[in-house]
Amino acid sequence: MARPQTKKDLQDLGEKNYNKLMDYINGLPLEVQHCEFPDGTMNRNIRDILAHLHHWHLMVLEWYTVGMRGEKPDIPSKAYNWREIPQLNREIWERYNGTPLNEAKALLEKSHRDIMALVDAHANDELFERRRYGWTGNNAMGAYFVSCTSSHYDWGLKLMRKAIKQLGK
C-alpha cells in the first residue's frame, strides 16, 4: 500500500504494519527474539528496535502536545536537528539499553495506542491538510503520524528480517 493520504488509510496501514511487526516477533522462538544481530547496525536486537519505535512515538506525542498549545515544539528534539538524527538515535539506544524485551513490547503497545487515539480524534482534513497547523510547517500533521507508525513499523520489520536472515535463523 502507498503512503497513507487519508485518515482511514493511516488507521488501516498503521494497525496492519503494527500487527505484522508484532506477529513476526511473537512468531519467533524466544531464543531468536533475544538474539543479538550481526555487526553493522546500531539496533543490536529486537528490543532495541521496539524501544526506538516507542521513543519516536513519544517525541511525536510531545510535538503534538506542544504544537496544539500554540507553541513551537523542538523538532526533532531540543538537543538535535534533522542532520543529527544518528546522534539522536544513539542517545535513544543508550537510554533504553538494558530494557527487557517484554517491557519494550509493552511500552510500544501503549505508545502505539496513544498515537492511534490521536489519529482517531481528528478529522481527515485536520490530519492531511498541509500547513493547517503552524507547528507542522509545510507538512500535514498526519505526515508525522504516518512516519512514526506505518512507515517506521515497516522499517523495523525489514531490519529484523534482514538481521535474522543473516544469522541463519
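Computed from the coordinates by the stated procedures, all read-outs in this text should not be read as laboratory data. Every value quoted in this text rests on a predicted model; they were computed, and no experiment measured them. Neighbour counts run over all protein chains shown; Cβ positions are idealised from the backbone, glycine included.
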Exercise. Counting only pairs 8 or more places apart or on different chains, how many lysine pairs in the chain have C-alpha atoms closer than 23 Å?
Worked result: 23
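With charges only on Cβ, +1 for K and R and -1 for D and E, what is the dipole size of segment 58-155 about its Cα centre, in debye, rounded to 20?
On the way: 12 positive and 14 negative charges, 42 e Å.
My answer is approximately 200 debye.
What is the local net charge at residue 124, summed over the other residues whose Cβ is closer than 11 Å to its Cβ (Lys, Arg +1; Asp, Glu -1)? Intermediate results must be reported in sequence, preceding the final value.
Numbers: positive: 7, 8; negative: 9, 125, 126, 129.
With Lys, Arg at +1 and Asp, Glu at -1, the neighbours total -2.
For the ranges 50-60, 127-137, 77-87, 32-42, what's the packing order if you count other beta-carbon atoms within 10 Å of each residue, average per peptide, and put the highest first?
Numbers: 50-60: 22.2, 127-137: 15.5, 77-87: 11.4, 32-42: 13.4.
Put in order of decreasing packing, that is 50-60, 127-137, 32-42, 77-87.
Against the globular-protein guess of 2.2 N^0.38 Å, express the Cα radius of gyration of segment 8-138 as a ratio, rounded to two decimals.
Output field value: 1.17.
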Exercise. Within the P(r) computed for segment 106-169, what percentage of the Cα pairs occupies the region above 18 Å?
Worked result: 50 percent
